[in-house]
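What follows draws every value from the coordinates through simple rules; no lab data is involved. Fair warning: this is a prediction, and the values are worked out from it, not measured in the lab. As a convention, Cβ positions derive from the backbone with ideal geometry for all residues, glycine included, and neighbour counts pool all protein chains shown.
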Amino acid sequence: MFGDVLIWIGYIAVFVYLARKGSGHDAMSTGQVSFGIQAFAYVATYISAVALVGFGGLAYVYGMQMMLVAAGNVWLGTWIVYRYLAWPTRLCQQKLGARTPTQLIALGHNSPMLGRCLAVLFAVFLGVYASAVIKGAALMLAEIVPLPVWLVVWLVCLLVGFAVFVGGLRGVLYTEAMQGFVMLIGIGMLMVAVFNAVGGPITGLEKLATLPPTAQASNGFVALSGGEQGWFIFSLVIVTSIAVWAQPQMVQRHFALASPKQVSRITPLAILVLTVLVGGAYYIASLSRLILPEVASPDAVMPTLVKMLLPNVGLQLFVLAIVSASLSTATAIYHIAVSAIAEDLPARKATRPAWLLGIIFIIAISGGCAQIKGQLIALLCATSWSIVGSTVLVPYVALVRMGKRSALAAWLSCSLGFLSCMFWYLCVSPSTALVPLMLGSKAAMVPPFFIGFGFSLLGWYAGWALDAKAATELPAQMQQTA
Amino acid sequence: MNCSIFLLPDAAVLLALTSLVLSFSLSVHGLVKAFQKRKEG
């Protein structure tokens with residue numbers, strides 16, 4: 001018991017110490033940050049508790065085909081990002097003088113009004129999405145802390161708000177890096193325990209291959225399923241690995257880059273950490289079918305595994321890892337949502353009081369939403385990732401990778417991407433449709449991100465063709481013209 | 001089903017597993033190279 005308390009006190013002390021690393025810096029600037037911190041921060045922002053616990057549960061249900069999601073996250077979601085997008089994003093941001101991802105798109109496409117609209121979108125969707133992330137951490141914490149969940153939710157909100165207020169972007173990067181490291185330790189411990197229990201990774205795979213197929217793993221647990229189930233895995237790969245390119249909290253990580261040389265150091269470390277984290281987590285969750293009794297819900301797989309295999313200290317460390325996964329994502333989302341309210345919406349540099357007010361507002365939104373079980377909130381949480389990706393992916397990549405600048409094209413692309421994705425969620429997607437339209441079972445299987453991305457691309461090309469002021473300037477030549 | 005490990009997973013899963021092993025090896029190699037360069041100068 002005393003050891004457990006020590007672990008938690010130590011964790012909070014390091015968290016506060018690292019958050020204070022950013023004090024004295026502007027809330028949007030990072031100063032010099034080493035490649036190790038940036039690599040861990042990128043991975044920690046990417047991987048939330050949903051990925052570890054939720055997708056770990058899916059790996060139990062679907063088997064080794066979930067390794068496709070891990071591979072997609074590593075190669076599409078990390079390698080491609082650092083190879084093709086990260087440094088051009090940094091160059092664009094410097095040339096345009098953008099302080100936030102919203103400003104990057106607004107200044108890049110010469111449309112301040114587009115920036116304001118994106119600020120509202122990010123504040124609403126990310127603010128509410130943060131409630132789900134925080135609730136995940138609070139539910140995990142409530143398992144070991146003798147406090148009611150509602151109180152733990154507010155305490156977690158305050159802790160995240162503190163890091164964002166005191167540390168700004170620099171503090172957020174440092175705390176995320178520490179949390180990424182804790183996640184690595186937690187998953188590493190569980191990997192050793194599961195491999196021991198099943199006789200090793202190769203033996204485990206061979207045993208898994210002998211299990212009979214199920215409805216979800218229709219070709220067995222070491223093969224991609226056919227039909228709807230296989231399509232579901234494929235869509236999960238695309239949504240989690242490509243929509244991530246334009247999530248503002250991920251784009252902002254590139255603002256701390258110092259040089260292309262630093263990028264070449266961050267890339268292998270981020271890939272290594274992500275490979276171990278998601279590859280390891282899904283691999284052992286698939287193998288857990290060999291040792292776990294039937295579980296009531298896929299979400300119970302990872303916690304049950306931990307309780308079954310790890311000693312108490314390990315349990316505490318694993319809970320820390322999951323809480324870290326949630327907190328790191330929450331601090332990144334908070335920072336974006338607060339900067340949207342305090343700086344992007346009024347279109348002027350945030351003052352310290354405005355920054356504080358923004359934080360209080362987001363704490364109230366996310367803490368409040370986490371307390372209520374509303375259909376709208378559930379919808380916003382479920383849709384946030386795809387909606388944001390559908391809205392800004394095309395204009396963002398066109399700007400930083402191809403140097404295409406057009407207000408009309410950006411407006412059409414963002415609007416069509418947002419509206420079509422939203423329409424698909426509200427009217428077609430079976431799990432979220434409020435006004436279901438009978439477009440057939442094939443249409444219902446298409447993920448909303450695919451629809452949003454397709455329309456966003458169409459909107460971009462239409463706008464580009466119609467815009468007389470459209471121009472191509474490579475990131476190195478860009479200047480602020482708005 | 002009692003056959004070699006390489007015949008067990010179907011092509012997609014085999015591809016995923018191979019690419020993860022590759023990402024692990026290449027990233028370790030990349031890090032070692034980066035540290036060597038740093039040491040040299």
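Some points to look at:
- Computed about its Cα centre, the charge dipole of chain A is approximately 1080 debye, with only Lys, Arg, Asp and Glu carrying charge at their Cβ.
- Relative contact order, percent, chain A [alpha-carbon distance under 8 Å, six or more residues apart]: 29 percent
- Residues in segment B:20-35 carry Karplus couplings, in order, of 6, 4, 4, 5, 5, 5, 5, 6, 4, 4, x, 5, 4, 4, 4, 5 Hz; the curve used is 6.51 cos²θ - 1.76 cosθ + 1.60 with θ = phi - 60°, and Gly or Pro positions show x.
- Rounded, prolate or oblate (a/c below 1.5 giving rounded, otherwise prolate when a/b exceeds b/c) for segment A:354-436 by Cα gyration tensor: oblate
- For A:Lys95, the lysines whose Cα comes closer than 17 Å to its Cα, not counting residues fewer than 8 places off in the same chain, are A:Lys404.
- Taking Lys and Arg as +1 and Asp and Glu as -1, the other residues whose beta-carbon sits under 14 Å from that of A:Thr472 total +2.
- Computed helical MRE - 222 nm, the protein assembly as shown, DSSP H runs ≥ 4 contributing -39500 (n - 2.57), nearest 500: -23000 deg cm²/dmol
- Residues of type lysines that A:Lys135 reaches as a straight line, Cα spacing below 25 Å, ignoring anything fewer than 8 places off in the same chain: A:Lys307, A:Lys373
- Its Cα gyration tensor gives segment A:298-370 an equivalent ellipsoid, and the semi-axes of that ellipsoid, as √(5λ) in whole Å with the largest first, are 37, 11, 9.
- Dipole in debye (nearest 20) - segment A:241-392, about Cα centre, beta carbon charges: Lys, Arg +1; Asp, Glu -1: 380 debye
- With N the number of residues in segment A:1-136, Rg(Cα) / (2.2 N^0.38 Å) evaluates to 1.32.
- Relative to one another, the C-alpha centroids of segment A:35-105 and segment A:164-214 are positioned 16 Å apart.
- In this rough spin-label picture, where each label sits 7 Å from Cα along the Cβ direction, the B:Ser25-A:Ala258 distance is 3.2 nm.
- Scaled radius of gyration (Cα, divided by 2.2 N^0.38 Å) that chain A gives: 0.95
- Within the same chain, lysines fewer than 8 places from A:Lys21 are excluded, and of the rest, those with a Cα less than 24 Å from its Cα are A:Lys349.
- Once backbone amide H atoms are built at 1.01 Å from N, A:Thr214 has A:Gly220 as its partners under 5 Å, excluding neighbours fewer than 5 places away on the same chain.
- Rounded to the nearest Hz, the phi-derived 3J(HN,Hα) couplings of segment A:325-337 under the Karplus curve 6.51 cos²θ - 1.76 cosθ + 1.60 (θ = phi - 60°) are 4, 6, 5, 5, 5, 5, 5, 5, 5, 4, 4, 5, 5, where x marks glycine and proline.
- Residue-wise HN-Hα couplings along segment A:218-228, as the Karplus relation 6.51 cos²θ - 1.76 cosθ + 1.60 with θ = phi - 60° gives them from phi, are 5, 10, x, 8, 10, 9, 6, 6, x, x, 4 Hz; Gly and Pro carry x.
- FRET efficiency, A:Leu437 to B:Lys33 (Cβ-Cβ, R0 51 Å, nearest 0.05): 0.40
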